[in-house]
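Here is the structure we will look at, set down as structure tokens.
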Amino acid sequence: MCRYAPEVNTENKEIMEMYERGMHFLGDWHTHYQKIPTPSRQDIVATQRCYHGAITELPGFLMIVVGKNFPEIPCSLSYLTESVIEHFKYRQFDGAGTD
Ligand SMILES: [Zn+2]
């Protein structure tokens, strides 16, 4: 079960304070006790609500979820706006060059 439950109004206040100091909020991260980390519905809704209420020039926020087998199994990465949910698939990096 995911315990990630940000207080959206507080988070957006912090985002605005940092923005006024020239810093842009890119997104959030948290952990799941899962072998393969997967964002919960609550994670997605909370991030979308945060983006909806934030003052930002960015087109969306990123969300990273780190699982219990990190770094053997990489974290999940999602891109979210009010209407877009994009989950990026990971692949194992074998350390070899791509040239
Ligand atoms: Zn979560």
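The values are calculated or read from the model by the stated rules, or taken from the named source; none is laboratory data. Being a predicted model, the structure only gives us computed values, none of them experimental. All Cβ positions, even for glycine, are placed from backbone atoms using ideal geometry, and neighbour counts span all protein chains on display.
Residue by residue, here is whether (1) within 14 Å of the ligand (Cβ to nearest atom); (2) of a type in the set (A, V, I, L, M); (3) assigned to a loop (DSSP other than H, G, I, E, B) holds:
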site: 19; (1), (2), (3): no, no, no
site: 23; (1), (2), (3): no, yes, yes
site: 35; (1), (2), (3): no, no, yes
site: 39; (1), (2), (3): yes, no, yes
site: 48; (1), (2), (3): yes, no, no
site: 51; (1), (2), (3): no, no, no
site: 56; (1), (2), (3): no, no, yes
site: 63; (1), (2), (3): yes, yes, no
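Among the residues of region 48-99, how many are of a type in the set (Gly, Ala, Ser) and modelled with pLDDT of 90 or more?
So the count comes out to 5.
Residue count for region 11-40 under the criterion of being of a type in the set (A, V, I, L, M, F, W, C) and touching a Gly at 6+ places or on another chain (Cβ under 8 Å): the result is 1. Of everything in region 43-61, what is surrounded by fewer than 17 Cβ atoms within 10 Å (Cβ to Cβ), farther than 13 Å from residue 4 by Cα and free of Cβ contacts under 8 Å to residues at least 40 places away in the same chain? Give them in sequence order. Matches in region 43-61: 52, 57, 58, 59.
Could you list all residues from region 1-17 that are buried (at least 16 other Cβ atoms within 10 Å of the Cβ) and assigned to a helix (DSSP H, G or I)? Correct list: 8, 11, 12, 15.
Selection of region 1-17 for residues being more than 10 Å from the ligand (Cβ to nearest atom) and either under 16 Å from the mean Cα position of the chain (by Cα) or in contact (Cβ under 8 Å) with a residue 24 or more places away in the chain (or both) yields 6, 7, 8, 9, 11, 12, 15, 16.
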